[in-house]
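Read through the structure below, which is laid out as structure tokens, and then see the notes.
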Amino acid sequence: MKKFIMALSILAMGGGAFLGVLNKQTLIDERTLADDAQKKVAETKGELNQVEDDLTKSTEERTQAQDNRDQISASLSETQQQIKRQTAQITSSQQELEKMKIEKQEIDLAIEKIFPPGSPIKTVEQLQQAQQALKDQLTEQENKKTDLNAKLEQIQTEMVAAEKKARELESYQVDRAKQIALNGLEATVIAVNRNFGFVMVNAGQNLGVKPESSLLVKRGTDRIARLQIRELEPNVLVADVIPDSVVAGTRVQPGDKVIFENTK
């Protein structure tokens, strides 16, 4: 029995040793696999880092390329603007050149006109002398013109004064004629207002009556009152009867005659 137990123990120990050997080999294999996996992970990380570096580099290169394109585009735009400015300058220069050609032709024509074939004026000095002579003649003519203008203004002033005097004389003659006619005028009282003491007479401005005219009321050959003009119309006047001038026992009545006094 003891031997059997010992045999079992030996077998168990041998089995344990065998299992230990197997487990050790398995552990070694697993470590080997783990090491290989770590190496692959490290290699993958390295490749990933390389890819990221390549991507970053590619992005930077693309950005740089875009910047280069922008710079080229800006440079091209500036070049185009310079070309436009130069083209404009060339056009302006051409126009200026054409203008100078025209001016030269005009100068040539002017010179030819000043110095025509057969002209006694051959030099600039002779031309200046001729110009000075023309200036002297022009100055003399301008002085004469100034004198004539002064005389003309004097004559015009005298004419204006004469016309004014003629108008005044004509107006005086008209007024004089009206006054002479007024001296022989005999108007009539056409209405009498007893309450307010005024009368209406059939004579007015159209006959030469003036506000300051003095009127006498006449009945037959007698003068019975004096009137003072209150309102004056073209063909009629309203006058107040001056109380102190009325002859005692009389009244101004429609139909009484009116004459004018103190007229010149």
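General remarks:
- Cβ-Cβ FRET estimate between residue 37 and residue 65, R0 fixed at 51 Å, reported to 0.05: 0.80
- When Rg and Dmax are taken over the Cα atoms of the stretch 34-116, they come to 35.1, 119 Å.
- Extension gain from residue 251 to residue 103, taking 0.36 nm per residue of separation minus the Cα-Cα distance: 43.1 nm
- Hz values of 3J(HN,Hα) by residue in the stretch 54-64 - Karplus curve (6.51, -1.76, 1.60), Gly and Pro given as x: 5, 5, 4, 4, 5, 4, 4, 5, 5, 4, 4
- Normalised by 2.2 N^0.38 Å, where N is the number of residues, the alpha-carbon radius of gyration of the stretch 186-261 equals 0.97.
A short reminder: the numbers here are calculations on the coordinates, not readings from a lab. On a predicted model such as this, the values are computed, not experimentally measured, just so you know. Virtual Cβ from ideal backbone geometry, glycine too; neighbours counted across all protein chains shown.
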